[in-house]
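The values are calculated or read from the model by the stated rules, or taken from the named source; none is laboratory data. Everything numeric in this text was worked out from a predicted model, so none of it was measured. Neighbour counts run over all protein chains shown; Cβ positions are idealised from the backbone, glycine included.
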Amino acid sequence: MISQIAIMIFGASAIWFVSRKEEWKRWGYILGFLGQPFWIYTTIINEQWGILIMTLVYAYSWAQGIYNYWIKEYISKIKLKKKIEKLNVEMWQIEHYICIKKNHDPHLFKRHQELKHELSSLARAS
């Protein structure tokens with residue numbers, strides 16, 4: 001009886017969240033994944049081996065959603081932060097070189113402008 005209630009709560013809420021357009025859509029994948037142990041338990045107890053295989057495929061699918069909407073997003077934010085830090089260092093080096101050496105190399109000024117533009121684009125994207 002507890003498994004049936006859990007399957008109903010996690011299953012219905014997972015589908016409802018996944019069908020949303022808002023940012024909390026991603027919570028549906030976690031709710032769906034949390035419901036899978038109850039499905040697995042129920043299918044084993046009732047010896048429904050075909051449904052057990054289907055449940056394992058569902059669990060894998062929910063896990064893919066967790067990877068795509070949680071883990072992958074986190075990794076891309078880390079990569080973006082590292083890229084911004086790297087560009088800031090390069091920009092600082094160019095500014096330092098221009099200031100210290102009194103170098104008026106047009107290539108350095110052009111690269112400096114490119115970095116400023118790229119950094120502002122990345123800042124808007126993050």
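Structure notes:
- Taking the criterion of being more than 16 Å from residue 14 (Cα to Cα) and of a type outside the set (D, E, K, R), the residues of the range 69-78 that qualify are 71, 74, 75, 76, 78.
- Condition check for residue 21: without any contact (Cβ under 8 Å) to a residue 12 or more places away in the chain and loosely packed, with under 11 Cβ neighbours inside 10 Å: yes
- Where helices (runs of 4 or more DSSP H) sit wholly within the range 44-126, those with at least 1 residues that are at pLDDT 85 or above occupy 49-66, 72-101.
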